[in-house]
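Colleague: First the structure, which I've put down as structure tokens, then a few questions once you've had a look.
The values are calculated or read from the model by the stated rules, or taken from the named source; none is laboratory data. Predicted model only: the values in this text are computed from it and were never measured. Please note: Cβ atoms are built from the backbone with ideal geometry, for glycine as well, and neighbour counts cover all protein chains shown. Remember, those area values only see protein heavy atoms, side chains included, never the ligands or the DNA or RNA. Shrake-Rupley method; radii C 1.70, N 1.55, O 1.52, S 1.80 Å.
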Amino acid sequence: MTLNATVASVTDRIVARSAPLRTAYLDRCARARETGPKRAHLSCGNQAHAYAAMPEGDKAALAGATAGNLGIITAYNDMLSAHQPFETYPALIRAAARAVGGTAQVAGGVPAMCDGVTQGQPGMELSLFSRDVIALSAGVALSHDVFDSTVYLGVCDKIVPGLVIAAATFGHLPAVFLPAGPMPSGIPNDQKAKVRQQFASGEVGREALMAAEMASYHGPGTCTFYGTANTNQMLMEFMGLHLPGASFVNPGTPLRDALTVEGAKRALAISALGNDYTPVAEVLDERAFVNGIVGLNATGGSTNLLIHLVAMARAAGVVLDWEDFAEISDVTPLMARVYPNGLADVNHFHAAGGLGYMIGELLEAGLLHDDTRTIAGPGLARYTREPKVIDGALTWEEGARETLNDKILRPARAAFQPTGGTRRLSGNLGTGVMKVSAVAPERQVIEAPARVFHDQEEVKAAFRAGEFVTDTVVVVRFQGPKANGMPELHSLTPVLAVLQDRGLKVALVTDGRMSGASGKVPSAIHVSPEALDGGPLARIADGDILRVDAVAGTLDVLSPGALDRPLVRPDLAANAAGTGRELFSNFRRVVGAAEAGASSLIPETAQ
């Protein structure tokens, strides 16, 4: 199928824009790979330290430089359901490596925090910066230079983007991402959301709320709604860093273990010592990132990835901007309805045909680049196949060619809507984004007076006091990366949803983030420049008329003279310390804008 003209033109524009940065990046990777396995250039003492704890058989293979050595970067901890299954992965990976004559070592661990635990809490102000810490931690682990290839064990919100940044930085090494999979389905997501709203409005008590939450988040594996964690898994498949069909296989199943074993073997096969050298620098090119943006829109994925993809791409020498996302969204059909964009969860989506079906449809429609390199081999078409364990052996068979549930997953030609799930907004208030895939069409344009807050707790207090009685655009400012680390404001969703259900027209405008699980309330988020950086939001006052228009893609204050006021300068001392926030003052000082990836690490994203 001929590539869609818009997808082609956006890709060409990204290639041209990225040329200087991408060329320099590939040159660095080429120089790194020229010397071959790094451990061959280490002293005997260096190597002895690296191999001291390994079994004798592994030591002999490594000392002779005949075996490929696989570095494992793991986000394992047993507090978070999504990462708890990784406890058993290193043993599986080591055994798999030995089976093909290689070795494997846990190179290092990276922190994995959970936005679900920190949502609405001070710890959330470390969330976005944890992505950069993860990249740094992985960089330290790989700096020993004793690995021929890498596998990355991570799932959730900032973990996968941080690991991709690290993988791209060590772009001469192959990188295989091994997921843990989603937990089995719990209570329906819409039932959980209803209880949350009932609690927010005082209809039920904390006991009922706790029971609903525990029934939803109930076992090992990723949360089953389609938020940032599961959007990450989709991207790894669309971008060719997972094995085909690996994203949404439940933990603790024979297929999950078989995919882990095969992923380890594949990581060695694509090393410079194997027969199919595939450095991650050649996987993560402009086409791969465009495929990721298409997948983001076709699935109605998390808006957090509009920040993360920009930062991930910069690490690989690729320069994205939000206009690229907007133009691709305009031609990408929304093919899935998964909570919060529908009632189904990712297990239901996977059963309906999942990513394999979707990739096949989008390839047929000319909306994806098939000519990409992937860790499974050349061409994205191989990601239409479905993994199965038959007679104890892992194999891939032809995947679904028809949807098995058109209430969850539809063909591209008969999608839920003709355009994707995200909108870029631009106007005299700056540039922002909105996830519209779950917002009813009649709620995508809101014009109403502003109520201005500097803290999400102030919004909740005003709600409890009964102050919201008319149509309102709630402005929560000084929530950007420089102000306080750009926390998610997802805990406002039940409050704003209650107002909406009461018949009010309500929208949120913020320079902060919303969770990938946020849905039906129109929210203009990531507004740049942020208020602390002199952005227009710092001049808005209560009563100003704001217009949030996802149809036209605009974000404006309509009140004359509103932008002539002096900038408000808040006291942010309360955000500077406690829960570890004092350790991140330098991150806040040097971080770049949200539209440039909100990174404190990558020079091209810092301002």
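Colleague: When both residues are 6+ apart or on different chains and their Cβ atoms are under 7 Å apart, which pairs have a first residue that lies in segment 528-550 and is assigned to a helix (DSSP H, G or I), and a second that is basic (Lys, Arg)?
Modeller: 531/477; 532/482; 533/482; 537/477; 538/477; 539/565
Colleague: May I pose another question? Exactly one of (1) farther than 28 Å from residue 17 by Cβ; (2) acidic (Asp, Glu); (3) at pLDDT 95 or above is unmet by residue 571. Its number?
Modeller: If we test residue 571 against (1) farther than 28 Å from residue 17 by Cβ; (2) acidic (Asp, Glu); (3) at pLDDT 95 or above, just (3) comes out false.
Colleague: Please specify each residue of segment 404-419 satisfying the condition of being open to solvent by 50 Å² or more (accessible area, probe 1.4 Å) and touching a Pro at 6+ places or on another chain (Cβ under 6 Å).
Modeller: The answer is 418, and nothing else.
Colleague: For segment 286-328: of the residues being of a type in the set (S, T, N, Q) and part of a helix (DSSP H, G or I), which is surrounded by the fewest Cβ atoms within 10 Å (Cβ to Cβ)?
Modeller: Top of the filtered list is 297.
Colleague: Is it the case that segment 554-563 has a residue that's assigned to a loop (DSSP other than H, G, I, E, B) and open to solvent by less than 10 Å² (accessible area, probe 1.4 Å)?
Modeller: No, because not a single residue in segment 554-563 is assigned to a loop (DSSP other than H, G, I, E, B) and open to solvent by less than 10 Å² (accessible area, probe 1.4 Å).
Colleague: Go through segment 100-139 and count every residue that is touching an Asp or Glu at 6+ places or on another chain (Cβ under 7 Å) and either touching a residue at least 60 places away in the same chain (Cβ under 8 Å) or within 15 Å of residue 479 (Cβ to Cβ) (or both).
Modeller: Summing the residues that are touching an Asp or Glu at 6+ places or on another chain (Cβ under 7 Å) and either touching a residue at least 60 places away in the same chain (Cβ under 8 Å) or within 15 Å of residue 479 (Cβ to Cβ) (or both) in segment 100-139 gives 4.
Colleague: Could you look through segment 385-403, keep only residues that are assigned to a loop (DSSP other than H, G, I, E, B) and under 25 Å from residue 258 (Cβ atoms), and pick out the one that is most open to solvent (accessible area, probe 1.4 Å)?
Modeller: Going residue by residue through segment 385-403, those that are assigned to a loop (DSSP other than H, G, I, E, B) are 391-392, 399-403.
Now narrow it down to the ones that are under 25 Å from residue 258 (Cβ atoms): 391-392, 399-401.
Values: 391: 156, 392: 74, 399: 12, 400: 28, 401: 106 Å².
Going through the qualifying residues, I end up with 391.
Colleague: When you go through (1) in a helix (DSSP H, G or I); (2) of a type in the set (D, E, K, R); (3) within 30 Å of residue 39 (Cα to Cα) one by one for residue 190, which number turns out not to apply?
Modeller: All conditions pass for residue 190, except number (3).
Colleague: Sticking with this one: Please pick out the residue among 259, 235, 243 that is within 24 Å of the chain's Cα centre (by Cα), at pLDDT 95 or above, hydrophobic (A, V, I, L, M, F, W, C) and outside any helix (DSSP H, G or I).
Modeller: Criteria check complete, one pass: 243.
Colleague: Shifting gears a bit: Output the residue which, of all residues in segment 184-220 that are touching a Ser or Thr at 6+ places or on another chain (Cβ under 6 Å) and either under 19 Å from residue 351 (Cβ atoms) or among the basic types (Lys, Arg) (or both), is modelled with the highest pLDDT. Full working, then the answer.
Modeller: Residues of segment 184-220 touching a Ser or Thr at 6+ places or on another chain (Cβ under 6 Å): 185-187, 192, 220.
With either under 19 Å from residue 351 (Cβ atoms) or among the basic types (Lys, Arg) (or both) added as a condition, the list becomes 185-187, 192.
Details: 185: 84, 186: 75, 187: 76, 192: 77.
The residue in question is 185.
Yes or no, residue by residue, for (1) part of a helix (DSSP H, G or I); (2) open to solvent by less than 10 Å² (accessible area, probe 1.4 Å); (3) touching a residue at least 24 places away in the same chain (Cβ under 8 Å); (4) under 25 Å from residue 346 (Cα atoms):
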| position | (1), (2), (3), (4) |
| --- | --- |
| 478 | no, yes, yes, no |
| 491 | yes, no, yes, yes |
| 494 | yes, no, yes, yes |
| 515 | no, no, yes, yes |
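Colleague: Out of 448, 483, report the one residue that is outside any strand (DSSP E or B), crowded, with 17+ Cβ neighbours inside 10 Å and in contact (Cβ under 8 Å) with a residue 24 or more places away in the chain.
Modeller: Within the list 448, 483, the selection yields 483.
Colleague: What's the number of the condition residue 158 fails, among (1) within 26 Å of residue 231 (Cα to Cα); (2) touching a strand residue (DSSP E or B) at 6+ places or on another chain (Cβ under 8 Å); (3) buried (at least 24 other Cβ atoms within 10 Å of the Cβ); (4) not aromatic (Phe, Trp, Tyr)?
Modeller: (2)
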